[in-house]
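Written out below as structure tokens is the structure these notes cover.
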């Protein structure tokens, strides 16, 4: 990690002390954080989805709220609501848990589409509108959502417009045998994520995010990115291609990766490395049920990458 930005290296090491053996998952999570996006962690139960989300949140010296999503949750349980005060004869707005810096939306697909949609405005515009009044959310605002794609009883799959609000969709996967042995030892005396201390102040995170916005992207790199996006709209196996928002998201993710690598410019490799986690959840494949979509979509994106000319 000698070429890594020193602030990012400190943050990554802190997270990896509790989530061991998954440096790529940590790296992609930091791309979403620095790129001012949001992260969806989609994997089987018990592989560390919530631990990764909590480790990121605890490593930042900022507000953190964890919401366990359930079928009976209402939008007001997230956004807040007005309460009538009899002694004053007026309504007082009580802020909901969304008014934080890092929001962990645990098992987001366990709640109804109506409640899921309560997050849309906050994730897209950094604000919430309630009863005709708009309330800004204090930056940084970062949503980490988890879901189990293999569980169907009592779940509500995220619609495409909600998925499109997540910068990246990643999986953690099962650890290797040696790593799993280390995990058992690490958890002998409790949850290591609970012992983490903040290593980054909000102002430092904001400086990284500003640096990402300032990263240069040559026209040839932008054209390469758009060639990939256009290919998803024309691919015979896809019924839904990548939107303009998806193209812009890949652009911003590549800028964030450049900052992580301590560069002020984007390379074709940044686009190639991020195309699958940024784009695969934004497309739809023909003739496949939802649970078979994601892996096939990843395969199609890889095919497009292999057939798209890389700028020199």
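The values are calculated or read from the model by the stated rules, or taken from the named source; none is laboratory data. In this text the structure is predicted, and so the values were computed from the model without any measurement. Here the Cβ is made from the backbone with ideal geometry for all residues, glycine too, and neighbour counts use every protein chain on show.
Of all the residues that make up region 123-145, how many are within 14 Å of the chain's Cα centre (by Cα) and within 24 Å of residue 51 (Cα to Cα)? Steps first, answer last, please.
Within region 123-145, the first condition is being within 14 Å of the chain's Cα centre (by Cα), and the residues that meet it are 123-124, 140-145.
Okay, now just the ones that are also within 24 Å of residue 51 (Cα to Cα), so 123, 140-145.
Count: 7.
Of the numbered conditions (1) in contact with a strand residue (DSSP E or B) (Cβ under 7 Å, 6 or more places away or on another chain); (2) in a helix (DSSP H, G or I), residue 209 fails exactly one; give the number of that condition.
(1)
For the list (1) surrounded by 13 or more Cβ atoms within 10 Å (Cβ to Cβ); (2) assigned to a loop (DSSP other than H, G, I, E, B); (3) modelled with pLDDT of 90 or more, I need the number of the one condition that residue 72 fails.
Result: residue 72 fails condition (1) only.
Return the residue satisfying two criteria in turn: it lies in region 181-190 and is touching a residue at least 24 places away in the same chain (Cβ under 8 Å) and out of contact with any helix residue (DSSP H, G or I) (no Cβ under 7 Å at 6 or more places or on another chain), and of such residues it is surrounded by the most Cβ atoms within 10 Å (Cβ to Cβ). Spell out how you get there, then give the answer.
First, pick out the residues of region 181-190 that are touching a residue at least 24 places away in the same chain (Cβ under 8 Å): 182-183, 186.
If we keep only those that are out of contact with any helix residue (DSSP H, G or I) (no Cβ under 7 Å at 6 or more places or on another chain) as well, we get 182-183.
On the way: 182: 13, 183: 16.
Within region 181-190, the match that is surrounded by the most Cβ atoms within 10 Å (Cβ to Cβ) is 183.
From 103, 85, which residue is under 15 Å from residue 63 (Cβ atoms), assigned by TED's automatic domain parsing to the domain that holds residue 64 and either in contact with a strand residue (DSSP E or B) (Cβ under 6 Å, 6 or more places away or on another chain) or surrounded by fewer than 18 Cβ atoms within 10 Å (Cβ to Cβ) (or both)?
Answer to the selection: 103.
Looking at 263, 233 in this structure, which one is surrounded by fewer than 18 Cβ atoms within 10 Å (Cβ to Cβ), in contact with a strand residue (DSSP E or B) (Cβ under 9 Å, 6 or more places away or on another chain), at pLDDT 95 or above and not assigned by TED's automatic domain parsing to the domain that holds residue 41?
Just one listed residue meets the conditions, 233.
Each row is one residue, and each column tells you yes or no for (1) within 20 Å of the chain's Cα centre (by Cα); (2) free of Cβ contacts under 8 Å to residues at least 12 places away in the same chain; (3) surrounded by 15 or more Cβ atoms within 10 Å (Cβ to Cβ); (4) not assigned by TED's automatic domain parsing to the domain that holds residue 63.
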site	(1), (2), (3), (4)
169	yes, no, yes, no
174	yes, no, no, no
192	no, no, yes, yes
197	no, no, no, yes
206	yes, no, no, yes
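Would you pick out the residues in region 210-225 that are in contact (Cβ under 8 Å) with a residue 12 or more places away in the chain and under 30 Å from residue 139 (Cα atoms)?
211, 212, 213, 214, 215, 216, 217, 218, 221, 222, 225
Would you check which residues across region 28-50 are in contact (Cβ under 8 Å) with a residue 40 or more places away in the chain and either surrounded by fewer than 20 Cβ atoms within 10 Å (Cβ to Cβ) or in a loop (DSSP other than H, G, I, E, B) (or both) and list them?
Hits for region 28-50 are 35, 36, 37, 38, 43, 44, 45, 47, 48, 50.
What about residue 300, is it in a helix (DSSP H, G or I), under 19 Å from the mean Cα position of the chain (by Cα), at pLDDT 90 or above and at negative phi?
Judged against the criteria, residue 300 is not a match.
Residue 273 - would you say it is touching a residue at least 24 places away in the same chain (Cβ under 8 Å), assigned to a helix (DSSP H, G or I) and out of contact with any strand residue (DSSP E or B) (no Cβ under 7 Å at 6 or more places or on another chain)? Before the answer, list the steps.
Numbers: touching a residue at least 24 places away in the same chain (Cβ under 8 Å): no; assigned to a helix (DSSP H, G or I): yes; out of contact with any strand residue (DSSP E or B) (no Cβ under 7 Å at 6 or more places or on another chain): yes.
No; evaluated as a whole, the condition is false for this residue.
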